[in-house]
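A.B. asks: Take a look at this one; I'll ask things after.
Please treat every number below as a calculation from the coordinates, not as lab data. It should be emphasised that the depicted structure is a prediction, and the values quoted were computed from it without experimental measurement. Cβ placement follows ideal geometry from the backbone for every residue including glycine, while neighbour counts extend to all protein chains displayed.
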Amino acid sequence: EREAARLNERTTASRDMYERARVHLSGGVASSYQLRDPWPIYIARGDGPKVWDVDGNEMWDFHNGFGSMVQGHAHPAIGAALAARYPQGTHFGCPTEDDVVVADELARRFGLPKWRYTNSGSEATMDAIRIARAFTGRDTVMKIFGSYHGHHDTVMVSIGVEYDKIGDRENLASLPYGAGIPQSVVDMTVAVPFNDAGAMERRIERLEAEGRKPACVIMEAAMMNLGVVLPEPGYLEAVREITRRHGIVLIFDEVKTGLAIAPGGATEKFGVQPDMVTLAKVLGGGLPSGAIGGTEEVMSVVEDHSVYQVGTYNGNPLTMAAARASLEEVLTPEAYAHLAHLNDRIVDGCQAIVDKYDLPGYAVGIGSKGCVTFSTAKVVDYETFKENQDAELADLAWLFNLNRGIFMTPGREEEWTLSVTHTDEAIDAYIAVFEELAADLTR
Ligand code: PLP
């Protein structure tokens, strides 16, 4: 309560903005994920690793636009690319050279030869699933319980569910996330637990026996919406083997991991090659973006026109100019080495504090991402997360951070994202505030 009151005092301009915003902007925000009680924080500007809210509070940005801004805010190379593009026109509904250059580079990084663009991660997963359905001639989609893949109906299933509604491991529930999702669509999505290849295979076999073999398995190779949950050794290899043996398209949703945890995302990091990859977030360097990569075989259904993968703004020239500059000038091998250095420091620093103060939890990280998972047991899937997370502590840590100039993703399921503009100073600041919280808690 003390921290909540303190934040309210520091954000009175946001409060006033919220009053104004609510008149014509539903709930005062552009997306429900921006909501926050009692009011959202409205941001005025960002520069490199920092953001300033409308009250003038200066914060180190570890939120980074829900993990999009690995380039940092207002990166000069992206600014120059946009400034060069704008006078030449920003939208034609026709392909430009940057589309080609970016596809070449993504093919090299992700080991998948064929690419298409979208304008968001949701569009990328929606189209990827349609392609997989067309390729296999099947309707059922398998996903990981608790994984977020965007806001279209097929994947708004079996996330954000109360622990006691999950169902048993072999038969996890298919439940819609919010109203307005047709039951017939929900029924076509089947969820299995993360880090359990045996449960996946048994469910596939049962579905096959029912004549409902899945078209695809869509998953994050490392889950990024229960904090960070890494794959156990051998799990991804087993999933690859099972999906290949059953003729099921394996889609790695790399909207959060792609370009963020390695040059070629989780696909490169874990060395397991999926049939398809979806990207968004970091790709656009702050502009709306999305991409789908696939094998020659799977993407043939796009090339032979049996699937319409379309969109007025697909390959938008401004987005593609930003993507090209990101890939060529910002997200370089040196940048990933810098991110790894910083992430090692922040993970080790937080873990040392967890140990010193005997907090319930552990620090975990990969590439530019990580978090302190406040949990009494190791989180390996949704069930262990829901059962063991200290949600109150997660909420308090967020407020505590914000009051001390550390801007973190809201919600109990998110993680930090570092940018190439972050420095040791930013990491020191994060660790110092975390130690202050730990000391406060144990006082
Ligand atoms: N897939 C994953 C793994 C995500 O984390 C997200 C968004 O957070 C999406 C898809 C949806 O992306 P977008 O919000 O750009 O539609």
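A.B. asks: So if a site counts as exposed when it's one of the GluC sites (Glu not before Pro), its DSSP state isn't H, G, I, E or B, and it has at most 11 other Cβ atoms within 10 Å, what's the longest stretch of the chain without one? Before the final figure, lay out the partial values.
C.D. replies: Working: sites that count: GLU1, GLU162, GLU210.
Answer from the scan: 211-443.
A.B. asks: Cut-off under 18 Å on the C-alpha distance; same-chain residues fewer than 8 positions from LYS213 excluded. Which lysines are left, in chain and number order?
C.D. replies: Partners within reach: LYS143.
A.B. asks: To continue, here is another question. How many angstrom lie between the C-alpha centres of segment 1-76 and segment 347-410?
C.D. replies: With segment 1-76 and segment 347-410 each reduced to a Cα centre, they are spaced 21 Å.
A.B. asks: Quick one: Karplus J couplings for segment 207-213, per residue in order, coefficients 6.51, -1.76, 1.60, θ = phi - 60°, nearest Hz, x for Gly and Pro?
C.D. replies: Working through the residues one at a time gives 5, 4, 5, 8, x, 10, 4 Hz.
A.B. asks: OK, next. Could you state the orientation-averaged shadow area of the convex hull built on the Cα atoms of segment 249-382, in nm² to one decimal? Provide the component values of the computation, followed by the final result.
C.D. replies: Details: hull surface 41.5 nm².
Averaged projected hull area, Cα only: 10.4 nm².
A.B. asks: Starting at the first residue of segment 150-165, write each ³J(HN,Hα) from the Karplus equation 6.51 cos²θ - 1.76 cosθ + 1.60 with θ = phi - 60°, in whole Hz, x for Gly and Pro.
C.D. replies: For segment 150-165, the Karplus-derived couplings read x, 10, 8, 3, 4, 9, 7, 9, 6, 9, x, 9, 4, 3, 6, 9 Hz, x marking Gly and Pro.
A.B. asks: Just the number, please: percent antiparallel of the DSSP beta bridges in segment 76-330, rounded to the nearest 5. Please list the in-between numbers first.
C.D. replies: Working: 11 of 25 bridges.
For segment 76-330, the DSSP antiparallel bridge percentage is about 45.
A.B. asks: Report Rg (one decimal) and Dmax (nearest whole number) for segment 309-443, counting Cα atoms only, units Å.
C.D. replies: When restricted to the Cα atoms of segment 309-443, Rg and Dmax are 17.6, 58 Å.
A.B. asks: If all Cα-Cα distances of the chain are sorted into 20 Å bins from 0 onward, what percent lands in each bin, rounded to whole numbers?
C.D. replies: With 20 Å bins starting at 0, P(r) equals 25, 58, 16, 0.
A.B. asks: Considering amide H positions built from the backbone, and no H for Pro or chain starts, which residues 5 or more places from ALA191, or on another chain, come under 5 Å of its amide H?
C.D. replies: Hits under the 5 Å cutoff: LYS143.
A.B. asks: Return the whole-Å distance between the Cα centroid of segment 201-243 and the Cα centroid of segment 258-278.
C.D. replies: So the separation of the two Cα centres works out to 16 Å.
A.B. asks: By what distance, in whole Å, do the Cα atoms of segment 76-330 stretch along each of the three principal axes, largest value first?
C.D. replies: 57, 36, 36
A.B. asks: Let me ask another. How big is the antiparallel share of DSSP beta bridges in the chain, given as a percent to the nearest 5? Let's see the in-between values first.
C.D. replies: Working: 27 of 43 bridges.
Taking every DSSP beta bridge with both residues in the chain, the antiparallel ones total about 65 percent.
A.B. asks: Which value in Å does the Kirkwood hydrodynamic radius of segment 324-391 take, with 1/r averaged over all unlike C-alpha pairs and then inverted? Let's see the in-between values first.
C.D. replies: Numbers: mean 1/r = 0.0737 Å⁻¹.
When all Cα pairs of segment 324-391 are included, the Kirkwood radius is 13.6 Å.
A.B. asks: In sequence order, what are the phi-derived ³J(HN,Hα) couplings for segment 180-193 according to the Karplus relation 6.51 cos²θ - 1.76 cosθ + 1.60 with θ = phi - 60°, rounded to whole Hz, with x for glycine and proline?
C.D. replies: Ordered by residue, 3J(HN,Hα) equals x, 9, x, 4, 5, 6, 4, 5, 7, 10, 10, 10, 10, x Hz.
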